[in-house]
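Input: a single structure, listed below in structure tokens.
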Amino acid sequence: MSGPGRRPRWSLSLRLRVALASGLATVVVVALVGILASVLLTREQTERLDRSLVPGSPAVLGSFASTRADLAVTLRAPDGTVRRVSGPELPLSPVGVPTSVDVGGVAYRIRTAPGPAPGVLVTVGATEDDTRARVAERQRLVTGLGIVAVLLAAGLGWVFAGRAVRPMRRLTEQAATLDRDPVDDPPVVRADGSRESEELADALTGMLARLHAEQERSTASLHAARDFAAAARHELRTPLTAMRTDLEVLAAHPDLPERDAVLADVLRAQGRVEATLTALGHLAAGDLPDTADAGDVGVADLLRLAAEDARRAHPTLEVAVDAPAGEVAESVRGSSEGLRMALANAVVNAVRHGRATTVRLGAHAGPDGGVVLTVDDDGTGLPAAEREAVLGRFVRGSTAGAPGSGLGLALVAQQAARHGGRVHLEDASGGGLRVSLALGPDRAG
Amino acid sequence: MNEPSAELLVVDDDADVRGSLERGLRLSGFAVRSAEDGPGALRAVHERVPDAVVLDLGLPGMDGVAVVTALRAMDHDVPVCVLSARDTVDDRVVGLEAGADDYMVKPFALPELVARLRALLRRGARPAPAAEPALGEVITVGPLRIDLARRLTTVGERSVDLTKREYELLVVLARNAEVVLTRERLLELVWGYDFATDTNVVDVFAGYLRRKLEAGGTPRLVHTVRGVGFVLREGG
């Protein structure tokens, strides 16, 4: 389980952290309880000792004979002189108040009370050793129980934390094996068992789905780009093959009678290469996101310019512009250059592949309120089954006439898409093909 | 100019390429017919079998590979040179694997095509000299056994189905077992190309032979000698 970028881990595991935390929490609780218990115990023991410091009966006091052995008693005369002492002599303390004193290095608890005779004071004392020993013994017991409790808490923390982090472990295992086998569907990670882990799993699944979609998109566009490049190479190679063969024929036969015909062929092939390159350039430009080129384009101006382009490019072609039919917006937002180029390609398509002699340019109101530009021709038309396919790049219809780049209608479709619309091919009223370039309704201005 | 009246069939869907090739080949001394698609090509062969076929791979509908496959299935042995407008290896592979004899990538030099066609035509009718059988002759190299009279190839117990060009290459290599043959020598012996030509057709066919001979897990027999050529021998 070592890989590049995997650094040594010094952090504690979550499980150990939980165990330590529960141990630590128990230490605090046990310490508080222990201290409280110790204080209460000491107070209780001292009170018990104090209660025992009651002078015996006067008779007993008088005789001293049966005085409890563990009690020290000092009897003082009213003048303060010590009359009798049993055990060490105890100092005088305020009457009735138990006091701790130090007598010859031993801690005593003493209490002074009025004696049997008026004026006589009796001071009774007992060593605190026993009391302290008892308290210490209790403290040891509490401490021992505390340690056991702490260890138990830490151990149980370890056990329960193991269960609690199990979803995280599962999550980690799933994440580690995600990229092992590529799948077609976005991967789903599950970590049921705790809310946090479920939320994390959901977040991960969401992220993976987004990454997956992104990856699919870029893979698809990469494939498309590769296919396109291959198709473009193929398209250029065909006229170049004809050109090269022709040029080699010319080189090998300087006095060829059909020289002019060969030269015409070379020029035609060269024209094909040029047209394909131009179309490729337009396609590449049209694939770029729109920038400054988007402006208001007058529909009437656009049709007039496109008609002029068509007459210039095809001198023998009859070009008519229909007056806009119905309620057509006066202008559209978009690229004037792009729309002119699209219309020019539709005209080229009519002439080259439909062998049309007349084209009509028009503008109509679309069903959704957008502008529809149309190019009608009187050519041979196109079988209905091919009308969708010929909009693709490098696709030619079965009725295609002179060799073309296979990109003309693809360029029209691209411009339509660029303007939020689409291209539709149908039968023209005059018998040929109608190319309808529907612009998005939001483009009408 | 051994066979100035040899008849070629040029098959290409592009009118410009077809026209240029027709003219160029005609001016190089061939009689040329042409077809613009696969069915047209098969019809033309059916009418009169040409001496060689120049065939574009990228035909609409029935493509070049299908045409070669159909020609070979009908037992037509005419040399076929395929033209490909794509430079990926796959296309070459399928065209030649189906039984074509050579390929050229568009655009190509016309003199080169003419030279190769003439060489293939010279070979056309008869097998390569090295492959001409003596009566009942059998070549054996390790598990490989070639029965020249019956034109049967077996590796161990397994019979191997080879196209004409693959068979001729294998026979040349087997007759010269343990001898390293250069690509140039193989081009000359198998294809009749006795001129300098830039092609990796030998490598492509050597690859086919390996695949077919090793299909049953047989250890490699056709070895590449880096920078030199190929040799057939048992073991490394």
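The values are calculated or read from the model by the stated rules, or taken from the named source; none is laboratory data. Here the structure is a predicted model, which means the values were calculated and not measured. Heads up, the Cβs are rebuilt from the backbone with ideal geometry, glycines too, and the neighbour counts pull from every protein chain shown. Quick note on the areas: whole protein, heavy atoms, side chains included, nothing else; ligands and nucleic acids left out. Shrake-Rupley method; radii C 1.70, N 1.55, O 1.52, S 1.80 Å.
If you go through the range A:246-260 and keep only what is in contact with a helix residue (DSSP H, G or I) (Cβ under 9 Å, 6 or more places away or on another chain) and part of a loop (DSSP other than H, G, I, E, B), you end up with A:253, A:256, A:258. Among the listed residues A:405, A:429, A:398, which satisfies the condition of being buried (at least 21 other Cβ atoms within 10 Å of the Cβ) and of a type outside the set (Lys, Arg)? When all the criteria are applied, what remains is A:405. Scanning the range A:201-217 turns up no residue that is open to solvent by 60 Å² or more (accessible area, probe 1.4 Å) and either among the hydroxyl-bearing types (Ser, Thr, Tyr) or within 14 Å of another protein chain (Cβ to nearest Cβ) (or both).
Candidates in the range A:72-86 are the residues that are part of a strand (DSSP E or B) and among the charged types (D, E, K, R); of these, the one that is farthest from residue A:128 (Cα to Cα) is A:83. Being touching a helix residue (DSSP H, G or I) at 6+ places or on another chain (Cβ under 7 Å), assigned to a helix (DSSP H, G or I) and within 14 Å of another protein chain (Cβ to nearest Cβ) is not true of residue A:309. Can you tell me which residue is surrounded by the most Cβ atoms within 10 Å (Cβ to Cβ) among those in the range B:19-50 that are part of a loop (DSSP other than H, G, I, E, B) and either more than 12 Å from every other protein chain (Cβ to nearest Cβ) or at negative phi (or both)? In this case the residue turns out to be B:30. Applying the criterion of being part of a helix (DSSP H, G or I) and touching a Gly at 6+ places or on another chain (Cβ under 7 Å) to the residues of the range A:337-362, the residue that is farthest from residue A:415 (Cα to Cα) is A:352.
It is to be established whether one or more residues within the range A:148-157 are of a type outside the set (A, V, I, L, M), out of contact with any Leu (no Cβ under 7 Å at 6 or more places or on another chain) and not assigned by TED's automatic domain parsing to the domain that holds residue A:266. Looking through the range A:148-157, at least one residue is of a type outside the set (A, V, I, L, M), out of contact with any Leu (no Cβ under 7 Å at 6 or more places or on another chain) and not assigned by TED's automatic domain parsing to the domain that holds residue A:266.
Please verify whether the range A:113-123 includes one or more residues that are in contact with a Phe, Trp or Tyr (Cβ under 6 Å, 6 or more places away or on another chain) and of a type outside the set (A, V, I, L, M). No, the range A:113-123 contains no residue that is in contact with a Phe, Trp or Tyr (Cβ under 6 Å, 6 or more places away or on another chain) and of a type outside the set (A, V, I, L, M). Screening the range A:365-380 for residues that are touching a residue at least 60 places away in the same chain (Cβ under 8 Å) and within 15 Å of residue A:306 (Cβ to Cβ) and picking the one that is most open to solvent (accessible area, probe 1.4 Å) gives A:372.
The condition (being at pLDDT 90 or above, outside any helix (DSSP H, G or I) and surrounded by fewer than 21 Cβ atoms within 10 Å (Cβ to Cβ)) is satisfied by just one residue among B:197, B:140: B:140. Kindly indicate whether any position in the range A:271-289 is within 18 Å of residue A:440 (Cβ to Cβ), surrounded by 13 or more Cβ atoms within 10 Å (Cβ to Cβ) and not acidic (Asp, Glu). Looking for residues that are within 18 Å of residue A:440 (Cβ to Cβ), surrounded by 13 or more Cβ atoms within 10 Å (Cβ to Cβ) and not acidic (Asp, Glu), one finds at least one in the range A:271-289, hence yes. Here the condition is being out of contact with any helix residue (DSSP H, G or I) (no Cβ under 8 Å at 6 or more places or on another chain) and small (Gly, Ala, Ser); of A:405, A:436, A:398, it holds for A:436 alone.
Please specify each residue of the range A:304-347 satisfying the condition of being in contact (Cβ under 8 Å) with a residue 60 or more places away in the chain and open to solvent by less than 40 Å² (accessible area, probe 1.4 Å). Correct list: A:329, A:331, A:332, A:334, A:335, A:338, A:339, A:341, A:342, A:343, A:345, A:346.
Residue-level check: of (1) at pLDDT below 85; (2) of a type in the set (D, E, K, R); (3) open to solvent by 90 Å² or more (accessible area, probe 1.4 Å), residue A:128 misses just (3).
Among the residues here, residue B:82 qualifies as closer than 19 Å to residue B:166 by Cβ and within 14 Å of chain A (Cβ to nearest Cβ). Answer yes if at least one residue in the range A:191-200 is of a type outside the set (Asp, Glu), assigned to a helix (DSSP H, G or I), touching a Gly at 6+ places or on another chain (Cβ under 9 Å) and surrounded by 14 or more Cβ atoms within 10 Å (Cβ to Cβ), and no otherwise. Checking the range A:191-200: not a single residue is of a type outside the set (Asp, Glu), assigned to a helix (DSSP H, G or I), touching a Gly at 6+ places or on another chain (Cβ under 9 Å) and surrounded by 14 or more Cβ atoms within 10 Å (Cβ to Cβ). So, residue A:443, is that one open to solvent by less than 60 Å² (accessible area, probe 1.4 Å), among the basic types (Lys, Arg), under 47 Å from the mean Cα position of the chain (by Cα) and farther than 21 Å from residue A:281 by Cα or not? Criteria met by residue A:443.
Candidates in the range B:3-18 are the residues that are open to solvent by less than 30 Å² (accessible area, probe 1.4 Å) and not in a strand (DSSP E or B); of these, the one that is farthest from the other protein chains (Cβ to nearest Cβ) is B:6. Counting only residues that are touching a residue at least 60 places away in the same chain (Cβ under 8 Å) and either open to solvent by 20 Å² or more (accessible area, probe 1.4 Å) or among the small types (Gly, Ala, Ser) (or both), the range B:220-233 holds 1 of them. Residue A:263 - would you say it is in a helix (DSSP H, G or I), modelled with pLDDT of 90 or more, open to solvent by 80 Å² or more (accessible area, probe 1.4 Å) and within 14 Å of another protein chain (Cβ to nearest Cβ)? Criteria not met by residue A:263. Selection of first residues in the range A:223-248 that are more than 7 Å from every other protein chain (Cβ to nearest Cβ) and within 17 Å of residue A:265 (Cα to Cα) and of second residues that are among the polar types (S, T, N, Q) and surrounded by fewer than 16 Cβ atoms within 10 Å (Cβ to Cβ), restricted to Cβ pairs under 8 Å at least 6 apart or on distinct chains, gives the following pairs, ordered by first then second residue: A:243/A:270.
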